[in-house]
Each structure stands twice: as C-alpha cells, then as structure tokens.
Amino acid sequence: MLELDSVAAGYPGNQVLHDVTLSVGAGEVVALLGPNGAGKTTLLRAAARALVLRDGRLRLDGRDVTRSSPQAVARAGICYVPEGRGIFPALTVRDNLLLFGRGLKGNDAVDRAVEVFPFITHRLANRAGDLSGGERQMLALARAWLTRPKVVLLDEVSMGLAPLIVDDVYAFVRRIAAEGIALLIVEQYVNRIREFADRVHLLRGGRISFSGTADELGSDEEILGHYLGATLPA
Ligand SMILES: Nc1ncnc2c1ncn2[C@@H]1O[C@H](COP(=O)(O)OP(=O)(O)OP(=O)(O)O)[C@@H](O)[C@H]1O
C-alpha cells in the first residue's frame, strides 16, 4: 500500500531523514517510536509529500507519487493528521465535517462522523477550538475517515489525552484498520504500541535503528538502549 524507499528529506540546511525504507500494508498498524527530534514528524510529513523528498521514492499501491503534489497525494488516498490535529478551530464542528466531507451528499459527512463518535452530535454547533483535547482528536480522526483514505498518518495520537479517551481513539484505529486502511502512527506510549501495532520502527538520528514486531521490541530497558544507541548491561 504505502512504501517509502531509501527516503532522504528535511528542511533547508537540515537533512533529517537518511535512507528510510518502510512499508505499511492494507489493514496494518505500523508504529514509529523514537526520541524527541529523531525525525518522526518529518517522516510523516515526507509520506504526505508535505516535504520535498531529496532522495528516494514514495509509492502508493505501487504507483510512484514521489513528485506528485501534496494535494494529489491526498486525493490519491494518503491522509495526514498532524500533531495539532489539523482541524479548523474557528469553524464549527459541523463546518469542519462538511469541509472535509466534500463530495459526500447533504449531511452524510455529519452522519458518518456521529456514527463513529456519537458525542459529536451534541457538539455540532460548537467551535472546534472549544472542544476538549480528546474531542478534538476524535474530530480529527472522524474527518480523516470521511475522506475514505487508503492510508492514515497519525502524529502523537494519544498525546495529552486521558487513558479512557486513548482507549476510544485506539478502538477507532482498530476499526479503521479492520476496514483495510493502512495506518502509520507516531506513538510514545510503548504499552499502546505493544497492544495495537503489527510492526514497529524505531527512529534515531533520522535513521531506522530497529524494525520488527511489537514483541521483538523487547523489554523497556532494551528499548531505552535503542533510544540511547547502546545495549545496556544486563
Ligand atoms: N520546520 C522545520 N524547519 C527546520 N527544522 C525543523 C523543522 N521541523 C523540525 N525540524 C528539525 O528536524 C528534526 C526532527 O524533528 P521532528 O519534529 O521530525 O522530530 P520528532 O521525532 O517528531 O520529535 P518530537 O518527538 O519532539 O515531535 C529536529 O532537529 C527539528 O529541530
């Protein structure tokens, strides 16, 4: 489904990603883990083509989209939900849904969102910026799903949310994965990764330093060792 092949990307004067190769299949949840500044957000932005790739290839369903515009990549089915959630705070919840659900008829966008997150029905007239952090995350997920994506890129999906809300968020992640959507998720909570991710990549200094299943990640001490770039003594 989504493939990054030897990708190099970054910002003017700061190449962040080096030779990053990974793939996410239909219905698969792949987690990205790594210390602050490792390049996790940059990797998601490269996968959404929000950054120009300096080297390497980006493919969706085998089609090369390395040089496609971010809009074309979004239309092709790659949906990026940034850490700030990517919604319009000054617009009402209803208008956010209608905006992202363009192409859906009448109230279909609202109905689909309410079906997955029932609380939305009571918040339609509220400004999105007035929602709680958890509600904003759910609105962002609902609007991502409205676009009928093939791939969803989620940054820091559970950051700052209460554990019960994170449960709801991950129940939704599981649901859309079961529908065949490919998910690439930046997540700091290793326990959530163990619970939900089919595969994990650990980024350090813009390079992948570990790839494997959540079980293969090992103990928390071993993960810390990956973070520090050293094997800790037993
Ligand atoms: N817009 C930007 N312009 C220039 N450099 C940037 C920009 N955004 C990020 N960087 C730099 O790129 C590097 C990787 O940042 P990135 O946000 O991808 O890391 P991260 O792993 O997501 O970190 P965090 O866990 O703190 O969000 C850092 O050195 C950061 O300072």
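The values are calculated or read from the model by the stated rules, or taken from the named source; none is laboratory data. Here the structure is a predicted model, which is why all the values come from computation and not from measurement. Glycine gets a Cβ as well: all are built from the backbone with ideal geometry, and neighbour counts include every protein chain shown.
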| THR66 vs. criteria closer than 28 Å to ALA197 by Cβ, within 16 Å of the ligand (Cβ to nearest atom) and among the hydroxyl-bearing types (Ser, Thr, Tyr) | no
| task | Would you check if ALA9 is in a loop (DSSP other than H, G, I, E, B), touching a Leu at 6+ places or on another chain (Cβ under 6 Å), within 15 Å of the ligand (Cβ to nearest atom) and within 16 Å of ASP155 (Cβ to Cβ)? | result | no
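Residue-by-condition table, conditions (1) within 12 Å of the chain's Cα centre (by Cα); (2) in a helix (DSSP H, G or I); (3) surrounded by 21 or more Cβ atoms within 10 Å (Cβ to Cβ):
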| site | (1), (2), (3) |
| --- | --- |
| LEU124 | no, no, no |
| GLY134 | no, yes, no |
| ALA140 | yes, yes, yes |
| ARG148 | no, no, no |
| LEU153 | yes, no, yes |
| VAL157 | yes, no, yes |
| In the stretch 175-187, what residues are touching a residue at least 40 places away in the same chain (Cβ under 8 Å) and on the phi < 0 side of the Ramachandran plot? | ARG175, ALA177, ALA178, GLU179, ILE181, ALA182, LEU183, LEU184, ILE185, VAL186, GLU187
| Single unsatisfied condition, GLU83 versus (1) more than 25 Å from GLN188 (Cα to Cα); (2) within 19 Å of the chain's Cα centre (by Cα) | (1)
| Mind checking which residues of the stretch 67-88 are assigned to a loop (DSSP other than H, G, I, E, B) and in contact (Cβ under 8 Å) with a residue 12 or more places away in the chain? | SER68, SER69, GLY77, PRO82, GLU83, ARG85, GLY86, ILE87, PHE88
| task | Go through the stretch 19-53 residue by residue and tally those that are under 23 Å from ASN191 (Cβ atoms), assigned to a loop (DSSP other than H, G, I, E, B) and away from the ligand (no atom under 13 Å from the Cβ). | result | 2
| task | Would you be able to say whether some residue in the stretch 211-230 is at pLDDT 90 or above and either of a type in the set (Gly, Ala, Ser) or surrounded by 15 or more Cβ atoms within 10 Å (Cβ to Cβ) (or both)? | result | yes
| field | Matching residues in the stretch 178-207 - criterion: being away from the ligand (no atom under 16 Å from the Cβ) and surrounded by fewer than 21 Cβ atoms within 10 Å (Cβ to Cβ) | value | ALA178, GLU179, GLY180, ASN191, ARG194, GLU195, PHE196, ASP198, ARG199
| query | From the residues in the stretch 69-85 that are crowded, with 17+ Cβ neighbours inside 10 Å and closer than 19 Å to GLY134 by Cβ, which one is nearest to the ligand (Cβ to nearest atom)? | reply | PRO82
| said: Going through LEU53, LEU43, LEU91 one at a time, which residue ends up being of a type in the set (A, V, I, L, M, F, W, C) and either closer than 15 Å to PRO149 by Cα or touching a residue at least 60 places away in the same chain (Cβ under 8 Å) (or both)? | reply: LEU43
